[in-house]
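This report concerns only the one structure given below.
Each reported figure results from applying straightforward, stated rules to the coordinates on display, with no laboratory input. Here the structure is a predicted model, which means the values were calculated and not measured. Cβ placement follows ideal geometry from the backbone for every residue including glycine, while neighbour counts extend to all protein chains displayed.
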Number of protein chains: 2
Amino acid sequence: MVRPREFNEEQALHAAMELFWEKGYEATSLSDLTAKMGIQRPSLYAAFGDKKELFEAALRKYNQFHASYVRTRLQSVPSVKEALRSFFMGIVAEAYEEVPNRGCFCLNVMVELAPHDAKFEVLTREHQMYLAAIFQETIERGIRSGELGKHVNAKALAQTLVVSMIGLTVLMKSRPDRTFADNAAATVVALLE
Amino acid sequence: MVRPREFNEEQALHAAMELFWEKGYEATSLSDLTAKMGIQRPSLYAAFGDKKELFEAALRKYNQFHASYVRTRLQSVPSVKEALRSFFMGIVAEAYEEVPNRGCFCLNVMVELAPHDAKFEVLTREHQMYLAAIFQETIERGIRSGELGKHVNAKALAQTLVVSMIGLTVLMKSRPDRTFADNAAATVVALLE
DNA sequence: CCAGTTACATACCGATCGGTATAATATACT
DNA sequence: AGTATATTATACCGATCGGTATGTAACTGG
């Protein structure tokens, strides 16, 4: 005995995610959101709560998407070294292609909101830990296959790769010289040798 | 034949820098600024121009301060390895002490504004290049003193240190476990071996 | 001590912010 | 078909946004 929604919540949330990802929390207005989501303001509040709650839902959606994206990229290549090389080179290449360079939504949130909002501090930290676990899985796969030495500390190396990934992604926001970016990516990969 | 300023421009700009550093561009209002700077709104516009111009002046001031801070820290320790170790450990230690964790103002700007504003893209890129040059100087000093091998590629290593510094600084915004942060910092230093 | 110039404080501007009250509309169950 | 219920669209809310006009106070050169 109800009137059904005329919009797809999933699509609307996706649109909100893209907007927040590109512009950040403060710079995105409710008018921006309703326009891009294709819904009216009261519908947004009924479906997602206030701006912060919508933002949190968007970040959770991004983190899920991003984690599975990273896992897929690393698992789809048989060689662990080659998978990681392709992954880090991809960060550089995609940053040059994209305008504006959105980078990683989760990192953007770490910078804009995590220092002032405990909820986002936790949410972003958990995602980084999760990414570290994905890297660790991959490294352990390389150890098992003999591609990496048995003496490699998988956990420590994974954490280092997370730091390098963050550094590379954020560095790309300033669009450094291609040589700088390529060299930085190459040096990260060289950590595996 | 004029009335002199009642406020110190240097101090006022410093106050603005601290506010922008802590809260970012969008989240800092003119009311916040005039309150902390201790001046009235028309005085702010007369002395510094509009909000964006004031922000740019604040960033330039920060970059100067930050570059000389980094240079001093790296030069004040005779051992290059020890200087770099202390520097990266310091990033971790200071992040835990500071609440909220402001991180690096220039990195905050890279994330919030550089992708949408060419002026800040250039300004932040130049600072990263400058930091890379400082690291390179330090590494070359280590090579000359024999502390580092002659085969070391100073420029490439310096660029890698910049990426690691960025990654570590941004990671700290999510306040990761102490073990994660310490290990990440230690692995960066291990690059020198 | 007056004239000219600049900075000060207050008060205000239109625009936009996030959020909501209201009322018309569309559906499902009885 | 009628009624209860949820969604829609419009219009509106007070607050705050960045920015400025206005008039008064303070100083200096003549």
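Overview of values
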read-out	value
Selection of trypsin sites (Lys or Arg not before Pro), region A:1-108, meeting DSSP coil and at most 14 other Cβ within 10 Å	A:ARG5
Nearest-ten-degree value, helix A:118-144 long axis tilted from longest Cα axis of chain A	30 degrees
Neighbour cut-off at most 15 other Cβ (10 Å), DSSP loop, GluC sites (Glu not before Pro), region B:53-112	B:GLU98
In Hz, Karplus ³J(HN,Hα) per residue of region B:77-84 (6.51, -1.76, 1.60; θ = phi - 60°; x = Gly, Pro)	10, x, 6, 5, 4, 5, 4, 5
Rounded to the nearest 20 debye, dipole of the protein assembly as shown from Cβ charges on Lys, Arg, Asp, Glu	360 debye
Of the chymotrypsin sites (Phe, Trp or Tyr not before Pro) in region B:1-93, those whose Cβ has at most 11 other Cβ within 10 Å and which sit in DSSP loop	none
Acute angle (nearest 10 degrees) that the helix A:51-75 long axis makes with the longest principal axis of chain A, alpha-carbon atoms	30 degrees
Number of partner chain Cβ atoms within 10 Å, mean per residue of A:104-116	6
Inter-copy spacing of A:LYS81 label points, which lie 7 Å from Cα along Cα→Cβ, given in nm from shortest upward	2.6
Integer Hz, Karplus 6.51/-1.76/1.60 couplings in order for region A:96-107, x for Gly and Pro	6, 6, 7, 9, x, 6, 6, x, 9, 4, 4, 5
Nearest-first distances (nm) between copies at A:GLN11, label 7 Å from Cα via Cβ	5.9
√(5λ) per eigenvalue of the Cα gyration tensor, region A:59-190, largest first, Å	24, 19, 13
Listed residues B:PHE87, B:SER145, B:CYS104: farthest to the positive end of the dipole of chain B (Cβ charges)	B:SER145
For region A:17-25, 3J(HN,Hα) per residue [Karplus equation, 6.51 cos²θ - 1.76 cosθ + 1.60, θ = phi - 60°, Hz, x = Gly/Pro]	4, 4, 5, 4, 4, 6, 10, x, 6
Expected 222 nm ellipticity per residue - DSSP helices of 4 or more, -39500 (n - 2.57), all of chain B, to 500	-24000 deg cm²/dmol
